[in-house]
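These notes are about the structure you will find just below.
The values are calculated or read from the model by the stated rules, or taken from the named source; none is laboratory data. This one's a predicted model, so the numbers in the text were calculated from it and none came from an experiment. When we count neighbours, we look across all protein chains shown, and the Cβ atoms used for this are built from the backbone with ideal geometry, even at glycine. All accessible areas refer to the heavy atoms of the entire protein, side chains included, with ligands and DNA or RNA removed. Shrake-Rupley method; radii C 1.70, N 1.55, O 1.52, S 1.80 Å.
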Amino acid sequence: MQILFHKTHTTNEEKEAVIEAIESGWLTMGPKCVEFEEKFKEYVGAKEAVSLNSATAALHLALKAIGLQEGDEVIVPTNTFVATAEVVTYFNATPVLCDIEETTHNIDVKKIEELITPKTKAIIPVHFAGQPCDMDEIYEIANQQPKTKNQKLYIIEDAAHAIPSRYKGQMIGSLEGTDVTCFSFYATKTLSTGEGGMATTNNADYAKTIKINRLHGISKDAWDRYTSKGSWYYEIVDNGNKYNSTDINAALGLVQLKKQEELRNKREYIAKRYIEAFKDIKEIILPVIKEDRETSWHLFVIKVDNRDEVIEELKQKGVGCSVHFIPIHKHPYYKHKFGYKNNNYPVANRIFEKSLSLPIYPDMTDGEIDYVIQSIKEVLSV
């Protein structure tokens, strides 16, 4: 049996929505993008939502919205995809890496304060695998600023894994203490438009800045200029980027948005099957979900000894796996550019050596789940 690590959930409904978007004549940003933004902000409970072509774009423009400048510092967990740190460097600012918790793989809030300096501008917590970080503790740190020139630290959530996730009953994307939340709709994500992203915020000024900068800094977007309510005239009011989404992507997003709870429940079913199968196996460390939050189950990460050998043997059995993530401080560019020291991140190092992400996607059959479980037990000889 061949089990892919990930397979995007699509049906005829997604195909029909894309065809409808193409036939409408709006291939780029148009009415479907507007509708997607409206439906998305309603779903997560945010006041504003801006569609973009990636979560990287969302993070970049979120940092621009809060006024990040050259020489500033932004605290990010080392256990994340490179984009979280990369966007900080776009401003000639410095990503300051923080170690992570042993159980959740999220940023360790106990280690944040020691990293704050007068140059610190923001913190970017990453909701690893979909489990929300300790946001109340992060807000408390951000609002107590004896060590920084800023009145407070800005909070930008990297929620690339976290649709739909909830923190203390509230949907990620709507938390009052956060300045901007950034979602990914990449092909492997829980809501997929192939490529895409969304920035949500409760601050109208941030939303306006992000909207202007997603399309070259133009004062009006294409939807305004090429409909009856618009005109041909526009002005460049900022040095922006080409980060807009398209109606084709938005058409996919609208269909997938309606299914989010159903698809999450299917992933949770798989997670529970894994937990039940592996709970008594001492060779496997299972994920830990804190009681006051709900994960999207974007990833199911176990920890095992001899991880690389386990991956190779599972590959031989046809089971696709992956590793999330190679910590930022281990990548040559970042290590040499910023001088990160390996021994400053002992928890991330331990976790990286043992972490293994198993297949967890809605269209997995019971037979496929059984096969993954059986294969892991055989590889570990348990």
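When 58, 62 are checked against the criterion of being of a type in the set (A, V, I, L, M), within 20 Å of residue 192 (Cα to Cα) and within 17 Å of the chain's Cα centre (by Cα), a single residue qualifies: 58.
A quick yes/no check of all residues on (1) hydroxyl-bearing (Ser, Thr, Tyr); (2) open to solvent by 30 Å² or more (accessible area, probe 1.4 Å):
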site	(1), (2)
173	no, no
176	no, yes
181	yes, no
191	no, no
195	no, yes
202	no, yes
208	no, yes
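Does the range 283-295 contain any residue that is over 24 Å from residue 198 (Cβ atoms), over 18 Å from the mean Cα position of the chain (by Cα) and open to solvent by less than 30 Å² (accessible area, probe 1.4 Å)? Yes - at least one qualifying residue is present in the range 283-295. Consider only pairs whose beta carbons are under 8 Å apart and that are at least six residues apart or on different chains; among these, list those whose first residue lies in the range 264-284 and is under 20 Å from residue 380 (Cα atoms) and whose second residue is charged (D, E, K, R). Between residues of the range 264-284 that are under 20 Å from residue 380 (Cα atoms) and residues that are charged (D, E, K, R), the close pairs are 277/377; 281/377; 283/305; 284/303. If only one of 343, 349 is under 18 Å from residue 103 (Cβ atoms) and in a helix (DSSP H, G or I), which one is it? Every option except 349 fails the conditions.
Residue-wise test of (1) free of Cβ contacts under 8 Å to residues at least 24 places away in the same chain; (2) open to solvent by 90 Å² or more (accessible area, probe 1.4 Å).
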| position | (1), (2) |
| --- | --- |
| 4 | no, yes |
| 16 | yes, yes |
| 21 | no, no |
| 36 | no, no |
| 41 | no, no |
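Is at least one residue of the range 47-59 in contact with a helix residue (DSSP H, G or I) (Cβ under 8 Å, 6 or more places away or on another chain), modelled with pLDDT of 95 or more and under 23 Å from residue 117 (Cβ atoms)? The answer is yes, given that some residue of the range 47-59 is in contact with a helix residue (DSSP H, G or I) (Cβ under 8 Å, 6 or more places away or on another chain), modelled with pLDDT of 95 or more and under 23 Å from residue 117 (Cβ atoms).
Condition check ((1) of a type outside the set (Val, Ile, Thr); (2) more than 21 Å from residue 44 (Cα to Cα); (3) at pLDDT below 95; (4) outside any loop (DSSP other than H, G, I, E, B)) across all residues:
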position: 195; (1), (2), (3), (4): yes, no, no, no
position: 206; (1), (2), (3), (4): yes, no, no, yes
position: 240; (1), (2), (3), (4): yes, yes, no, no
position: 256; (1), (2), (3), (4): yes, no, no, yes
position: 266; (1), (2), (3), (4): yes, no, no, yes
position: 275; (1), (2), (3), (4): no, yes, no, yes
position: 283; (1), (2), (3), (4): yes, yes, no, no
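From the list 30, 67, which residue is out of contact with any strand residue (DSSP E or B) (no Cβ under 9 Å at 6 or more places or on another chain), open to solvent by less than 30 Å² (accessible area, probe 1.4 Å) and not aliphatic (A, V, I, L, M)? From the options 30, 67, the qualifying one is 30. Among the residues making up the range 91-110, a single one is without any contact (Cβ under 8 Å) to a residue 40 or more places away in the chain, open to solvent by 20 Å² or more (accessible area, probe 1.4 Å) and within 20 Å of residue 342 (Cβ to Cβ): 96. Inside the range 135-163, residues that are crowded, with 21+ Cβ neighbours inside 10 Å and part of a loop (DSSP other than H, G, I, E, B) make up a count of 6. The residue that is nearest to residue 345 (Cα to Cα), among those in the range 111-125 that are open to solvent by 10 Å² or more (accessible area, probe 1.4 Å) and under 22 Å from the mean Cα position of the chain (by Cα), is 111. Only one entry of 322, 357 meets the criterion of being over 16 Å from residue 115 (Cα atoms) and open to solvent by less than 30 Å² (accessible area, probe 1.4 Å), and that entry is 357.
Among the criteria (1) modelled with pLDDT of 95 or more; (2) part of a loop (DSSP other than H, G, I, E, B), the one residue 229 does not fulfil is (1). Test residue 56 against the criterion of being open to solvent by 20 Å² or more (accessible area, probe 1.4 Å) and within 26 Å of residue 166 (Cβ to Cβ), and give yes or no. Considered against the rule, which asks whether it is open to solvent by 20 Å² or more (accessible area, probe 1.4 Å) and within 26 Å of residue 166 (Cβ to Cβ), residue 56 comes out as yes. Before we move on, is residue 305 over 27 Å from residue 366 (Cβ atoms), at pLDDT 95 or above and either open to solvent by 40 Å² or more (accessible area, probe 1.4 Å) or not in a helix (DSSP H, G or I) (or both)? Yes: the conditions hold for residue 305.
Considering 88, 74, the condition of being hydrophobic (A, V, I, L, M, F, W, C), assigned to a strand (DSSP E or B), buried (at least 23 other Cβ atoms within 10 Å of the Cβ) and touching a strand residue (DSSP E or B) at 6+ places or on another chain (Cβ under 7 Å) is satisfied by 74 alone. Mind listing just one residue for me: the one in the range 312-339 that is under 15 Å from residue 89 (Cα atoms) and assigned to a loop (DSSP other than H, G, I, E, B) and, of those, farthest from the chain's Cα centre (by Cα)? Step by step, filter the range 312-339, then rank; the result is 339.
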